[in-house]
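The values are calculated or read from the model by the stated rules, or taken from the named source; none is laboratory data. A quick note: this is a predicted structure, and the numbers were derived from the prediction, not measured. Every residue, glycine among them, receives a Cβ derived from its backbone with ideal geometry; neighbour counts consider all protein chains shown.
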Amino acid sequence: MKITFINPAADIRRTFLYRLADFFYGPRHPITGPLILGSILKSAGHKVEVYEELFENVDYEKVLKGTDLVGFYTMTSNAVRAYELADFTKNKLNIKVVIGGMHASVLPEEALKHADQVVVGEAENVIRDIVEGKINDKIVYASPVKDLDKVPFPDYSLLKTYFNAANILTSRGCPFSCSFCTPSRMFNPYRKRSPDNVIEELKIYKNMGLKYLCFQDDNFTADKKRVKEILRKMISNKIFFKETFFYARVDMFEDEELLDLLMHANCRRVFLGIESLNQDSLSKINKREKHENIRGLEEKLKKYKFKVISSIVLGLDHDNIEDVKKAIDFSKKINAYQLQPAILTPYPGTPIYEQMEKEGRILTKDWQDYDMLHVVFKSLNMSPRELQRLFFTSLKRFYTFRSALKDYRLEGFRAGITKFAFCLALYIAVKIKSIQLIGRA
């Protein structure tokens, strides 16, 4: 059988300006889930292709010719697009459709309106039986994988759209449970791969000649002892990439040995979930972090030259506009080279969604707007219009052409010109989208 997996992208993420800004933002790495499932099916004798819509347009009538089954991966923000493509595939092309992913796992009955079958949870243990007709349930409840070392590695030869970086998941889930976080509930309980298994996969990407790597774990440094062992093995095996990216919490800066190993393994680009400098806000979202530890970053980052992407959340119940400005200015003070201001988004299945639904604060259930760019709820301290405007003023406050000159001085010509191009693309996009979105709010 021929199986095709598609990871859709929401309308806004397929626009020219978004793709242009994304090009300068960083390397392009695909989601690993379809590549793992594809590897399982390929080993069983099936022909498999995988397409990522985020980076380029796909001619579906052409690529789906001869396909027997299409699997769509859903997050909340791409669910509308996934349903649109699923309806086209099922009704016009008469091809069987299976939908999975985080959004479908939370709202399987909704997804089933557009599919022949829906998978709830991790599909590794059921995908082959679904494809081969041994499981015919409309909604298939899949149990979590117990031993991650037994999961096959992603097969990048199946990916037919552009990529220039590899994603690797060394764990699933997170031992923390922030109230707005979806992955910690989809991938529950928290599980980890052995360091040797991780190194085996990394060697493949090194031999492929890939220059960029992303540790896709929600919190790569959660188990510091295990991560140190992975890093030591990377160093001893000389597995280095031009740039290695990972997600972490501020608490990683409490361990100097870990910081030294990260630097020696060239794991320098880090996405830090700062969220807020307001302790009431941090406590309310169950962040389990102290604001004084966050403020202590400044001294640590003078010694350890990480390329920090600072993530802050806009619209928290205990934050006001001044709190957000302080967080942005702090991000500039620690020389963060990128800022991700994310509008608080109550994703279905999270405690914050249940709270806001109960309080009548959800403004829309147009899932395409659940992308951290749009306001979809009533904030306690500002109007929807004010919160939407705050998103754009936050970008403009951080991404200045002067910041490109600063990156040039700190990181060199390439970093400076990349930031300049990103600022230019962002400036144009903000001018266009701010008029549209603020007008809607």
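From the list Tyr353, Tyr347, which one is within 22 Å of the chain's Cα centre (by Cα) and without any contact (Cβ under 8 Å) to a residue 40 or more places away in the chain? Spell out the reasoning first.
Working: Tyr347 fails: without any contact (Cβ under 8 Å) to a residue 40 or more places away in the chain.
From the options Tyr353, Tyr347, the qualifying one is Tyr353.
Out of the residues in the range 370-383 that are closer than 20 Å to Lys358 by Cα and either under 25 Å from the mean Cα position of the chain (by Cα) or of a type in the set (S, T, N, Q) (or both), state the one that is surrounded by the most Cβ atoms within 10 Å (Cβ to Cβ). Can you show your working first?
First, the residues of the range 370-383 that are closer than 20 Å to Lys358 by Cα: 370, 375-383.
Filter again for either under 25 Å from the mean Cα position of the chain (by Cα) or of a type in the set (S, T, N, Q) (or both), leaving 370, 375-379, 381, 383.
On the way: Tyr370: 26, Val375: 28, Val376: 23, Phe377: 22, Lys378: 16, Ser379: 20, Asn381: 14, Ser383: 12.
Result: Val375.
Report yes if some residue within the range 297-304 is among the aliphatic types (A, V, I, L, M) and farther than 20 Å from Ile334 by Cα; otherwise report no.
No, the range 297-304 contains no residue that is among the aliphatic types (A, V, I, L, M) and farther than 20 Å from Ile334 by Cα.
If you take the residues in the range 338-355 that are surrounded by 20 or more Cβ atoms within 10 Å (Cβ to Cβ) and either touching a strand residue (DSSP E or B) at 6+ places or on another chain (Cβ under 7 Å) or at positive phi (or both), which one is modelled with the lowest pLDDT?
Here the residue is Gln338.
I'd like to check something: does the range 61-69 contain any residue that is crowded, with 19+ Cβ neighbours inside 10 Å and either at pLDDT below 95 or more than 22 Å from Lys138 (Cβ to Cβ) (or both)?
Yes; the residues of the range 61-69 include at least one that is crowded, with 19+ Cβ neighbours inside 10 Å and either at pLDDT below 95 or more than 22 Å from Lys138 (Cβ to Cβ) (or both).
Please count how many residues of the range 36-83 are over 29 Å from Tyr337 (Cβ atoms) and not in a loop (DSSP other than H, G, I, E, B).
Matching residues across the range 36-83 total 28.
Which residues, taken from the range 248-299, are over 23 Å from Lys211 (Cβ atoms), among the basic types (Lys, Arg) and at pLDDT 90 or above?
Arg249
For the range 91-161, give me every one of the helices (runs of 4 or more DSSP H) that falls completely inside it and has 2 or more residues that are within 17 Å of Leu37 (Cβ to Cβ) and out of contact with any strand residue (DSSP E or B) (no Cβ under 8 Å at 6 or more places or on another chain).
Ranges flagged: 127-131.
From (1) surrounded by 19 or more Cβ atoms within 10 Å (Cβ to Cβ); (2) farther than 21 Å from Lys211 by Cα; (3) in contact (Cβ under 8 Å) with a residue 60 or more places away in the chain, pick out the condition that doesn't hold for Ile12.
Condition (1) is where Ile12 drops out.
Kindly indicate the residue of the range 148-192 that is of a type in the set (Lys, Arg) and within 20 Å of the chain's Cα centre (by Cα) and also farthest from Lys225 (Cα to Cα) among those meeting that condition.
The first filter runs over the range 148-192 and keeps only residues of a type in the set (Lys, Arg), leaving 150, 160, 172, 185, 191-192.
The next check asks that each one be within 20 Å of the chain's Cα centre (by Cα); those that pass are 172, 185, 191-192.
Numbers: Arg172: 17, Arg185: 24, Arg191: 14, Lys192: 12 Å.
Ranking the qualifying residues of the range 148-192, first place goes to Arg185.
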